[in-house]
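One structure is given below, encoded as structure tokens.
Taken together, the values in this text are just the output of simple stated rules run on the coordinates, not laboratory data. What you are looking at is a predicted structure, and each value in this text was computed from that prediction instead of being measured. As a convention, Cβ positions derive from the backbone with ideal geometry for all residues, glycine included, and neighbour counts pool all protein chains shown.
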Amino acid sequence: MKVVQTELPGVVVIEPRVFPDARGFLFESYNRRSFREATGVDVEFVQDNHSHSVRHTLRGLHYQINQAQGKLVRAVAGEVFDVAVDLRRSSPNFGRWTGATLSAESKRMMWVPAGFAHGFLVLSAEADVLYKTTDFYAPAHERTVLWNDPQIGVRWPLTAEPLLADKDRHGAALAAAEVYP
């Protein structure tokens, strides 16, 4: 696997080794030892999530203030623009974001460590996104930072108004959000 560093230390894009042949392809989507050796991160994943969305759906920017989740994200159908925002107040990168295109075709994945908000925008007609998490979903601790907060300034590749859930439409501005120490 190849690890591509992003603008934010700790957030990486992973390009797996793919073995294609006349029948299709095979690749290891996750191997704890390989992941640890390539990224320097040794985590235990406790939950897998599967999200199906249509074009222009924007999900995020989500995080859990307690039971913070690291996420290993990949698109298994379609294409998304995946985003991570550093919400660690003590970080020199607090409030900064990075993004990468993930697709079924490229098989790229993004590692989003705990302490970051996460979101994605669907670029294709439909997309299925799978992500592994390092802690369980805890609705009482779920928070949302406003997807279009100008203080963060995510440059979403929008071609139409995004389709948003109410929690995403009414997320907190970074200045008012609960964040990590």
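Out of the residues in the stretch 11-45 meeting the condition of being within 18 Å of Phe116 (Cα to Cα) and touching a Ser or Thr at 6+ places or on another chain (Cβ under 9 Å), tell me which one is surrounded by the most Cβ atoms within 10 Å (Cβ to Cβ). The selected residue is Val11. For the stretch 100-112, name all the residues that are surrounded by fewer than 22 Cβ atoms within 10 Å (Cβ to Cβ) and in contact (Cβ under 8 Å) with a residue 40 or more places away in the chain. Across the stretch 100-112, the qualifying residues are Ala100, Ser106, Lys107, Arg108. So, in the stretch 68-99, how many residues would count as being surrounded by 20 or more Cβ atoms within 10 Å (Cβ to Cβ) and either on the phi > 0 side of the Ramachandran plot or among the aliphatic types (A, V, I, L, M) (or both)? Residues that pass the stated criteria total 9.
Listed here are the residues, each with its yes/no results for (1) surrounded by 13 or more Cβ atoms within 10 Å (Cβ to Cβ); (2) on the phi > 0 side of the Ramachandran plot; (3) in a loop (DSSP other than H, G, I, E, B); (4) among the hydrophobic types (A, V, I, L, M, F, W, C).
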site	(1), (2), (3), (4)
Ala117	yes, no, no, yes
Ala127	yes, no, no, yes
Lys132	yes, no, no, no
Tyr137	yes, no, yes, no
Arg143	yes, no, no, no
Gln151	no, no, yes, no
Pro157	no, no, yes, no
Glu161	no, no, yes, no
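Candidates in the stretch 47-67 are the residues that are aliphatic (A, V, I, L, M) and crowded, with 19+ Cβ neighbours inside 10 Å; of these, the one that is nearest to the chain's Cα centre (by Cα) is Leu61.
For every residue, the table says whether it meets (1) under 20 Å from Trp97 (Cβ atoms); (2) in a loop (DSSP other than H, G, I, E, B); (3) touching a helix residue (DSSP H, G or I) at 6+ places or on another chain (Cβ under 7 Å).
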site: Ser34; (1), (2), (3): no, no, no
site: Ala38; (1), (2), (3): no, no, no
site: Phe45; (1), (2), (3): no, yes, no
site: Asn49; (1), (2), (3): no, no, no
site: His52; (1), (2), (3): no, no, no
site: Asn66; (1), (2), (3): no, yes, yes
site: Gln69; (1), (2), (3): yes, yes, no
site: Val73; (1), (2), (3): yes, no, no
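Every condition in (1) under 17 Å from Thr98 (Cα atoms); (2) not in a loop (DSSP other than H, G, I, E, B) holds for Pro20 except the one numbered (1).
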